[in-house]
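Scroll down for the structure; my scribbles are underneath it.
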Amino acid sequence: MSSTETPQDLSTLWRNTAHRATDAQLIACVILGLVASGVVGIAMLAGIDNAFEWWPAVLPCVLIAAFGLWGITDRELGERGRAGAVPRVLAVARWCSAAVATLVLIVGALEFLRLTVGTWIS
């Protein structure tokens with residue numbers, strides 16, 4: 001960021017990054033995020049030793065998938081317009097992906113505090 005640019009908030013950074021990404025990059029984000037989350041989930045279900053200790057590894061994977069889905073739906077909404085059933089479904093999907101990303105960030109922040117402050121207190 002140059003000194004002449006104004007500071008951006010998180011939503012502007014999210015939107016600009018998604019708009020700069022290609023369709024293939026956004027699709028790759030969704031696929032890789034879901035596959036990585038699935039691998040950790042399967043490891044937990046399969047009973048692999050200490051797999052439940054790795055649940056925070058799912059958070060960045062889900063965040064990447066939510067970013068990709070948000071970028072795809074935002075791009076499609078920009079191209080289609082606002083009338084009809086498909087744009088409504090896309091708008092709901094975009095809203096849900098933003099809600100999931102927000103939830104992931106909140107859980108990640110709480111987990112970070114649990115790991116750092118929790119060890120100081122005890």
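The values are calculated or read from the model by the stated rules, or taken from the named source; none is laboratory data. Only a predicted model underlies this, so the values are computations on that prediction, with no experimental measurement involved. All Cβ positions, glycine included, derive from the backbone under ideal geometry; neighbour counts span all protein chains shown.
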- Query: Across the range 68-100, which residue is surrounded by the most Cβ atoms within 10 Å (Cβ to Cβ) among those that are touching a residue at least 40 places away in the same chain (Cβ under 8 Å) and of a type in the set (Gly, Ala, Ser)?
  - Reply: Gly71
- Query: Can you find a residue in the range 73-90 that is within 16 Å of the chain's Cα centre (by Cα) and of a type in the set (Gly, Ala, Ser)?
  - Reply: no
- Message: I'd like to verify a number: residues in the range 36-51 that are closer than 17 Å to Val104 by Cα and either exposed (fewer than 13 other Cβ atoms within 10 Å of the Cβ) or in contact with a Gly (Cβ under 8 Å, 6 or more places away or on another chain) (or both), how many?
- Response: 1
- Query: Would the range 74-82 turn up any residue that is within 29 Å of Phe112 (Cα to Cα), at pLDDT 85 or above and in a helix (DSSP H, G or I)?
  - Reply: no
- Task: Check whether at least one residue in the range 28-50 is touching a Leu at 6+ places or on another chain (Cβ under 7 Å) and at negative phi, and report yes or no.
- Result: yes
- the range 35-47, residues that are of a type in the set (A, V, I, L, M) and either closer than 10 Å to Cys61 by Cα or part of a helix (DSSP H, G or I) (or both): Val35, Ala36, Val39, Val40, Ile42, Ala43, Met44, Leu45
- Of all residues in the range 21-34, which are assigned to a helix (DSSP H, G or I) and within 17 Å of Leu77 (Cβ to Cβ)? Asp23, Leu26, Ile27, Val30
